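Q: I'd like to ask you about the structure that follows.
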Amino acid sequence: MRRLAALLLVAAPARADTGQCHVIDVDFVPAKNLQIVAWVEDTTGHFIDTIFVTQSIGTYGLGNRPGRFDFNSGSPLFPSWPYGRRITTFPVWAHRHGLAFPEIEFQNGREDDLSHPFNQSSQENHYCQPLQDTDPVWDVATCATAFVGTDKGVLSQTKTSPYPPRSDLVRNQMYDSASVDMYGVLNPFDAVSQPTPPGGVAAQVSWPIPPMLAAGNYVMFVEVAKEFDMNASYNETIFPAPTGISFANYGEPYRGQPSVVYRVPFTVADTNTTADVVDYAGYGDPDGVDGAIRPPDSTITTDTPGSGASRLQLVSDNGLYRVRVVARNENDSTAPGVPTNPVVIAVDARTATIEFTASGDDGMAGGRVRGYEIRYRAGEMTEANFTTAGSTPVPSVAGVDPGRPQSVMIGGLLPETDYDVGIRAFDECHNVSPLMVIQFRTTDRQSGEVDACFVATAAYGSPLAGEIDMLRRFRDTMLKTTVLGELAVETYYTFGPLVAGVVGQSDLARATARAALAPIVGRVRGLAF
C-alpha cells in the first residue's frame, strides 16, 4: 500500500553496537479513538517485551488511577476525564507482562465518590473536566476545559494493579500525597509509550530486537480497546452507569465491546521475513479481572469498520491484512548527526511550533534518518532525563533529506511555563544522535480561557459541587456576554487564585466564603439561563 501519510511510532531506541541489527516493523491502520498495546512472546507463551503502548496507559495512568473502574466516561468524542481506573482497557497484556504495581486510590479512601476535599486536590494538566450531556461543549472533539483540581491519589498499602501509575505528575507538596513522587519511578512503560495514532492513517511500530534474542519463532500480540464501542451484547443497558454515587449524572456509561486481540506468529532469521493476519484471535475479559483470551464468538462485531474485530482496518498490500509483521536485517554502526538550527517559530499559551534542520543518517552524511524522537518537559532537559518520568513524548517525525527544514507542533502545554524540548535523530538500527535541546516560555492564557471558579471551588470543597455548576453557567451565559461582565470575569481570574489559596486553608474560611456566596447562589438559582 502506498503511504501518502504515515505515522511512525517508535519503541525505546537502543544503540546497535555491533553494526548489525534485526528490526521488527508492525504495520496497521487504526480507527479513531483507540488504545493500542503491542508485545512479543515466544511460542511457549513466555513474555519477552512490550514494544509499544498508547500513552494514556503508558504515561497517563489510565489503568491505575483513583476511583472505581465503572465510573462514567466523559463523552463518546472525548472520553477521558479524571477518575476511574480503566482495568478493562488491556486485560490480556496487563495480566501477561508479569509486573505488579501498588494500586492508586483516593487519599480519603472513598473510591465510590467523584467529589473530593479541596485540600487533597491539585491542578490537573492532562485529563479534562467532567461534563453532563446537557453542557453545550458535550459533543466537541477536543478537551473543552482543563480540570481545575483532582485528587492525585496515594499508593495503596494492600492492593496491587497490573497497570502502571501516571508518570507525568509533579507533586504539589501542599495538597498531594508524598506517594506522587514515586509514580514515575514505578512506571517502566513511559519509554515505549506514544500518543494514540490518528484514525485512518497508516501506522508503523518499529522495534530493534535486543542482541540477546536468538533467531527463531515468536508471536506478536496487538491488543486494541475502544470506549463506547456498543453493540447488542455490550451496551449501556447491560453495563449501566453506577448508581448511588455523587454526581452520577456526569458522563455516560462507556463499557462497550471488550478489547480485541490480534495474534501474529513471525520468524527472526538471517533473511527478511513477513507474516500477517486478518482475523482477530479473541477478546479480553469484559471486567478486566483476568488475562485469558476468549475465543471469537457472535458477541463481537465483525462487519462494522472501526468496531469490534474491525477496529484495525483491512489493508490490501501484497495480500490482505489487519496486522503485518516484518522482521528484517540492517547493517549500520554510525549514529545520525545531531539536528541543528532549532528555532521557535510560533508559541502561545497552549502550543508551540519548532523548526530545525534535518541531519544525515550517518553523521551529517548519508540519506534520511529514520525519524526523530521528541520529548518536552517543564524544566531542564538533559541526556540523562530525556526518557525518564516528566519528559512527555510527542509523535515522532519521519526524516526528510539532510539539510532540509523540519517542523513539529507541540500541544497540551501550560500557560506562562518554561519548557525544554529535546530532539534526537535515530536510524534503522536505532543508533541515536546527540540530543538537541531548545527552550521557550509559553504566553499568558487568553482572555476567558480559564474555566476555574477558584474561590467557589475552595469554599465548597469540590469543583463538581452543584453550586459551582450554577455559578459557572451564569458566568458563561450572562456575565461574559457584556463588556462589564467580561471585565468582572477577567478581574476574578487575576485575583481569584490568591483568594482561593487563603480560603482553602481552613474550615472557618471556607464556611465564611460559603456564607458570603449564599446570596449570590440564591439569586442565580432563580434565574432562567
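Q: Kindly provide the set of residues from segment 377-407 that are touching an Asp or Glu at 6+ places or on another chain (Cβ under 8 Å) and β-branched (Val, Ile, Thr), ordered by number.
A: Answer for segment 377-407, where residues must be touching an Asp or Glu at 6+ places or on another chain (Cβ under 8 Å) and β-branched (Val, Ile, Thr): Thr387, Thr388, Thr392.
Q: Let me ask another. If Glu41 passes every condition in (1) part of a loop (DSSP other than H, G, I, E, B); (2) charged (D, E, K, R); (3) touching a strand residue (DSSP E or B) at 6+ places or on another chain (Cβ under 8 Å) but one, which one does it miss?
A: Going through (1) part of a loop (DSSP other than H, G, I, E, B); (2) charged (D, E, K, R); (3) touching a strand residue (DSSP E or B) at 6+ places or on another chain (Cβ under 8 Å) one by one, Glu41 breaks only (1).
Q: Let me ask something additional. Tell me whether segment 264-280 contains one or more residues that are under 26 Å from the mean Cα position of the chain (by Cα), assigned to a loop (DSSP other than H, G, I, E, B), more than 17 Å from Met230 (Cα to Cα) and assigned by TED's automatic domain parsing to the domain that holds Asp133.
A: Within segment 264-280, one or more residues are under 26 Å from the mean Cα position of the chain (by Cα), assigned to a loop (DSSP other than H, G, I, E, B), more than 17 Å from Met230 (Cα to Cα) and assigned by TED's automatic domain parsing to the domain that holds Asp133.
Q: Just checking, how many residues over segment 154-188 are at pLDDT below 90 and in contact with a His (Cβ under 7 Å, 6 or more places away or on another chain)?
A: 1
Q: Working carefully through the options Glu111, Glu41, find the one that is in the same structural domain as Pro188 (by TED's automatic domain parsing), at pLDDT 95 or above, of a type in the set (D, E, K, R) and surrounded by fewer than 20 Cβ atoms within 10 Å (Cβ to Cβ).
A: Step by step, each of Glu111, Glu41 is checked, and only Glu41 is in the same structural domain as Pro188 (by TED's automatic domain parsing), at pLDDT 95 or above, of a type in the set (D, E, K, R) and surrounded by fewer than 20 Cβ atoms within 10 Å (Cβ to Cβ).
Q: Being of a type in the set (Val, Ile, Thr), outside the structural domain of Thr271 (by TED's automatic domain parsing), in contact with a Pro (Cβ under 6 Å, 6 or more places away or on another chain) and farther than 22 Å from Asp190 by Cβ, is that true of even one residue in segment 343-351?
A: So far as segment 343-351 goes, no, none of its residues is of a type in the set (Val, Ile, Thr), outside the structural domain of Thr271 (by TED's automatic domain parsing), in contact with a Pro (Cβ under 6 Å, 6 or more places away or on another chain) and farther than 22 Å from Asp190 by Cβ.
Q: Testing Val92 on (1) assigned to a strand (DSSP E or B); (2) of a type in the set (A, V, I, L, M, F, W, C); (3) touching a strand residue (DSSP E or B) at 6+ places or on another chain (Cβ under 6 Å); (4) buried (at least 21 other Cβ atoms within 10 Å of the Cβ), one condition comes back false. Which one is that?
A: Here Val92 clears every test but (1).
Q: Still on this model: Do we have Phe266 as within 19 Å of Arg85 (Cα to Cα) and either modelled with pLDDT under 90 or surrounded by fewer than 23 Cβ atoms within 10 Å (Cβ to Cβ) (or both) here?
A: In short, no.
Q: Identify all residues within segment 263-293 that are free of Cβ contacts under 8 Å to residues at least 24 places away in the same chain and among the basic types (Lys, Arg); write none if there are none.
A: Result: no residue meets the conditions.
The values are calculated or read from the model by the stated rules, or taken from the named source; none is laboratory data. Being a predicted model, the structure only gives us computed values, none of them experimental. Every residue, glycine as well, gets a Cβ built from its backbone with ideal geometry; the counts of neighbours run over all protein chains shown.
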